[in-house]
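What follows is a single structure, written as structure tokens, with notes after it.
Values in this text are rule-based calculations from the coordinates and carry no lab data. Keep in mind that this is a model prediction, so the values were computed, not measured. Neighbour counts are summed over all protein chains in view; Cβ atoms, including those assigned to glycine, are modelled from backbone coordinates with ideal geometry.
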């Protein structure tokens, strides 16, 4: 199947989009809270369908419904009758191929967001300690591709 696929962290909800539109990041306070992060990264989709399960919805305003996985909580969609469906970029199987081209809601942008690139990175000793921890980790996260069944 061509196009773009993705889903939630646990695999209960999967989706497919034929085409992508404009990708953006929104700094509004609603997106910050919905993602529990600095902003909400979304991309417009066309030819969209939920292919496994379905999201639950939170009506975050009178015009916006936000879809999320009812099992693991992954933020999935931003839906309004005024715009195309928007899907969270991080929920796609290949988010690295979706590049935002616009920032919106900048009146709520956190003051340090533009400086994140300059943050210090772990020292080699710190990275080694974390690598030892990750070597013991067993992920229950759905893989970044469609599966016939999940969990396996």
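Across region 1-87, C-alpha contacts under 8 Å between residues 6 or more apart give a mean separation that, scaled by the residue count, equals a relative contact order of 27 percent. Its relative contact order, with pairs defined as Cα atoms under 8 Å and 6+ residues apart, puts the chain at 28 percent. Of all the Cα-Cα pairs you can form in region 1-110, what percent are over 17 Å apart? That fraction is 50 percent.
For region 82-152 versus region 13-71, the spacing of their alpha-carbon centroids is 15 Å. Applying 1/(1 + (r/R0)^6) with r as the Cβ-Cβ distance of residue 138 and residue 71 and R0 = 22 angstrom yields a FRET efficiency of 0.75.
For the chain, DSSP calls about 90 percent of its internal beta bridges antiparallel. Between residue 93 and residue 49, the modelled labels are 1.6 nm apart [label points 7 Å from Cα along Cα→Cβ].
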